[in-house]
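Everything on this sheet refers to the single structure shown next.
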Amino acid sequence: MEQKQIVRQMIELNKKAFDNSFSAMSELQDQTGKLMLNFLEKADWFPEEGKNALQDWIANYKKSWNDFKAAADDGYRKVTEFFEQAEKPQTPAKKKK
């Protein structure tokens, strides 16, 4: 097996592991956020400003989480493109006479 193919397969495996881990953590965070908002909805003693602050915090967290995922996907895309270019047969440059 060629080294370039091995590296490409390692990158694909790494991306799949990252995507699966990210998905699991994202689901956990979403459920925790829903649970917290549900609790706050029923907590009459909690100030409204605090509820709004927590809702803003959750919204900012989700935006940052999605930005991080987009950056990771972009990085994997760039690495994949790099190795695709490296796998193409190289034609030697012609010398000028």
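The values are calculated or read from the model by the stated rules, or taken from the named source; none is laboratory data. Predicted, not measured: the structure shown is a model, and the values here were computed from it. A quick note on method: Cβ atoms are made from the backbone with ideal geometry, for glycine too, and the neighbour counts reach across all protein chains shown.
Between a first residue in the stretch 11-25 that is at negative phi and a second residue that is surrounded by 10 or more Cβ atoms within 10 Å (Cβ to Cβ) and among the basic types (Lys, Arg), which pairs have beta carbons less than 8 Å apart while being 6 or more apart in sequence or on different chains?
If the second residue must be surrounded by 10 or more Cβ atoms within 10 Å (Cβ to Cβ) and among the basic types (Lys, Arg), the pairs left are 22/69.
Yes or no: residue 58 exposed (fewer than 11 other Cβ atoms within 10 Å of the Cβ), of a type in the set (Val, Ile, Thr), over 17 Å from the mean Cα position of the chain (by Cα) and part of a helix (DSSP H, G or I)?
Spelling it out, it is not the case that residue 58 is exposed (fewer than 11 other Cβ atoms within 10 Å of the Cβ), of a type in the set (Val, Ile, Thr), over 17 Å from the mean Cα position of the chain (by Cα) and part of a helix (DSSP H, G or I).
Of the residues 39, 18, 22, which is in contact with a Lys or Arg (Cβ under 8 Å, 6 or more places away or on another chain) and either part of a helix (DSSP H, G or I) or at pLDDT 90 or above (or both)?
Working: 39 fails: in contact with a Lys or Arg (Cβ under 8 Å, 6 or more places away or on another chain); 18 fails: in contact with a Lys or Arg (Cβ under 8 Å, 6 or more places away or on another chain).
Matching residue, one of 39, 18, 22: 22.
Which of the residues belonging to the stretch 1-15 are at pLDDT 90 or above and aliphatic (A, V, I, L, M)?
Those that are at pLDDT 90 or above and aliphatic (A, V, I, L, M): 10, 11, 13.
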